[in-house]
Amino acid sequence: MVVDTPRNPGPSWGYRVIDWLDAHLLPPLRDALVFIGSSVAYLGMHKQRQASREYLQALLGSPPPLADRLRHFDAITHSLLAKLRAGQRVDTKVEWADEANKQTGAIVYSDEPILLGTFHVGASDLLGFHVRTTGRRVSMIRERVANSSDIERLLAQSGDMVEVIWVNQEADIVFALRDALEAGKTLAMQCDRVAHASKTEGFEFLGATRAFPVTIYRLAALYHRPVQFFVALPRGKARDDFAVYASPLYRPTGNRNTDQLSSHKHFQAVLTWLENLLRAHPFQWFNFLPLNPVWTADTNATCQRAVKKPR
């Protein structure tokens, strides 16, 4: 089944204008115009504006001031700029935050096939391209979105080391996942949205028990693959320098009951780790959708019906 292709907001010529501004203006003037443009976007994007307010209030514990809401939109605009530059082979650094995180994520330098998890946070779209520098071939699971020149450019310069498995093609995704895993590729997926998830579970995140997809752990159990989560966040005030953080590694044991309990415990620890990173970088949450639904006994059934519902 092929579902409708969603679209990134903004006009089709928006990327070309951003490119021109980035190439021809001095950084202070460019940043000022970017802030004005993101403020205009804030005014025109009602749903994204509401989602931003909901997230910031849940993270900060009080209604966010207008300045913070504008900074949130400004941050995602600068993240887009960084991806566009990386797609043009501009020197964008995506390196380990420190030696401790490098050691924690050391498995990416091995030959062992792994499952790499991340979120719509910071420079997550660049993580697959960071991992490929270790010599790994990476298959990124993504939703195909129209008006996305940033990803198109990144893929064009990645050669055959990075490929995309589009979840929109639901009839083909099972076979694509199987082929990638059996070929020993690293599978990278964002694990924060419940759309397209066949199974969800409840986890504590931002002050409530919320539904999150657990597909990555089901694949880990089926294919005996370890799981590790990575997040890339701006280093200081630099616009093209990102620090990579690694969560603890998870390995399935092969025992179904044991793995169900241990995977749930692991992902809860990952979400706690993520929430701590977001408190230090509050404007780097780029999932401009309503927060994941509060978990109830019917939540998973509702998500499954949404996945199977014909369009």
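The values are calculated or read from the model by the stated rules, or taken from the named source; none is laboratory data. Note that the structure is a prediction, hence the values are computed from the model and not measured. Here Cβ is always computed from backbone atoms with ideal geometry, including for glycine, and neighbour counts include all displayed protein chains. These accessible areas exclude ligands, DNA and RNA; they are computed on the full protein's heavy atoms, side chains included. Shrake-Rupley method; radii C 1.70, N 1.55, O 1.52, S 1.80 Å.
If you go through region 89-135 and keep only what is exposed (fewer than 13 other Cβ atoms within 10 Å of the Cβ), polar (S, T, N, Q) and assigned to a helix (DSSP H, G or I), you end up with Gln103, Thr133.
Yes/no matrix, rows are residues, columns are (1) in a loop (DSSP other than H, G, I, E, B); (2) small (Gly, Ala, Ser); (3) buried (at least 17 other Cβ atoms within 10 Å of the Cβ); (4) at pLDDT 95 or above:
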| position | (1), (2), (3), (4) |
| --- | --- |
| Phe267 | no, no, yes, yes |
| Leu271 | no, no, yes, yes |
| Leu278 | no, no, yes, yes |
| Phe283 | yes, no, yes, yes |
| Phe288 | yes, no, yes, no |
| Ala297 | yes, yes, no, no |
| Asn300 | no, no, yes, no |
| Arg305 | no, no, no, no |
| Arg311 | yes, no, no, no |
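Quick one: count up the residues across region 201-234 that are among the polar types (S, T, N, Q) and in contact with a Lys or Arg (Cβ under 9 Å, 6 or more places away or on another chain).
Narrowing region 201-234 to residues among the polar types (S, T, N, Q): 209, 215, 228.
Among the residues that remain, those that are also in contact with a Lys or Arg (Cβ under 9 Å, 6 or more places away or on another chain) are: 215.
Number of matching residues: 1.
Name the helices (runs of 4 or more DSSP H) wholly inside region 15-87 in which the number of residues that are touching an Asp or Glu at 6+ places or on another chain (Cβ under 6 Å) is 2 or more.
Numbers: elements: 27-44, 46-60, 66-87.
Hits in region 15-87: 27-44, 66-87.
Among the residues making up region 48-86, a single one is open to solvent by 50 Å² or more (accessible area, probe 1.4 Å), basic (Lys, Arg) and touching a residue at least 60 places away in the same chain (Cβ under 8 Å): Arg71. Within region 135-172, restricting attention to residues that are among the acidic types (Asp, Glu) and within 19 Å of the chain's Cα centre (by Cα), the residue that is modelled with the highest pLDDT is Glu163. Restricting attention to region 173-231 and to residues that are among the polar types (S, T, N, Q), part of a strand (DSSP E or B) and at pLDDT below 95, the residue that is most open to solvent (accessible area, probe 1.4 Å) turns out to be Gln190.
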